[in-house]
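> Got a structure for you, questions after.
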Amino acid sequence: MRTLDIVAVAEGRTASEVFPIISDFEQYQKQCDAVRSVIFTEKTKDRSVSKWEVNFRQGIMRWTEVDVFDVDKLAIHFEQIEGDAKYFSGTWELSDTNAGCQIRFVASFDMGVPSISDIIEPIAERALEENVESILRGLLGGRVEFVSRPRSQCLSS
């Protein structure tokens, strides 16, 4: 299992201003080249179930996830319930800094192919990193600075 950790800052914006933008998954497909579609099968203020299709190298990756929105903590937790990966789960966490809104995206994943995990998981990690960058730039414009590039960790499953 690998963990990807990305930190970015939306300059001149507050976490409470950015949270509704990050939480609005329906806008992802309109604003980001990486996201092909997001379809909700359930949706309330605090929770949703969403089906995703995103570009994955020369193909498409698909999954369904449960999303939990914690407005008080300005965090979103997601967990795949079915899909192309064996395991995919993570969080978006927002906080205020002097420079603007800090956005932290952390995700753990396992592509489920042990015999070639050393080959496929770095590719998946790079694609996920590119997709997160595309999402943030698409949603927030050019005023996003990536402060911490991914430092993947391989964890024993």
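> Scan the stretch 83-122 for residues that are among the β-branched types (Val, Ile, Thr), in a loop (DSSP other than H, G, I, E, B) and touching a residue at least 60 places away in the same chain (Cβ under 8 Å) and jot them down.
At the first step, the residues of the stretch 83-122 found to be among the β-branched types (Val, Ile, Thr) are 91, 97, 103, 106, 113, 116, 119-120.
Next, only the ones that are in a loop (DSSP other than H, G, I, E, B) stay: 97, 113.
The one that is among the β-branched types (Val, Ile, Thr), in a loop (DSSP other than H, G, I, E, B) and touching a residue at least 60 places away in the same chain (Cβ under 8 Å): Thr97.
> When the residues of the stretch 32-62 are narrowed to those that are of a type in the set (S, T, N, Q) and touching a Lys or Arg at 6+ places or on another chain (Cβ under 9 Å), which ends up surrounded by the fewest Cβ atoms within 10 Å (Cβ to Cβ)?
Filtering first and then ranking leaves Thr41.
> Can you list residue pairs whose Cβ atoms sit under 8 Å apart, with the first residue in the stretch 21-39 being closer than 16 Å to Trp92 by Cα and the second being of a type in the set (Ser, Thr, Tyr) and buried (at least 19 other Cβ atoms within 10 Å of the Cβ)? Count only pairs 6 or more apart in sequence or on different chains.
From residues that are closer than 16 Å to Trp92 by Cα, the pairs are Phe25/Ser48; Phe25/Ser50.
> Hey, among the residues in the stretch 127-148 that are out of contact with any Asp or Glu (no Cβ under 8 Å at 6 or more places or on another chain), at pLDDT below 85 and not hydrophobic (A, V, I, L, M, F, W, C), which one's nearest to Gln29 (Cα to Cα)?
Gly141
> Quick test of your reading of the structure: Ala10 fulfils all but one of (1) over 23 Å from Glu121 (Cα atoms); (2) within 13 Å of the chain's Cα centre (by Cα). Name the failing condition by number.
So Ala10 meets the others, but not (2).
The values are calculated or read from the model by the stated rules, or taken from the named source; none is laboratory data. Values in this document were obtained by computation on a predicted structure and should not be read as measured data. Here Cβ is always computed from backbone atoms with ideal geometry, including for glycine, and neighbour counts include all displayed protein chains.
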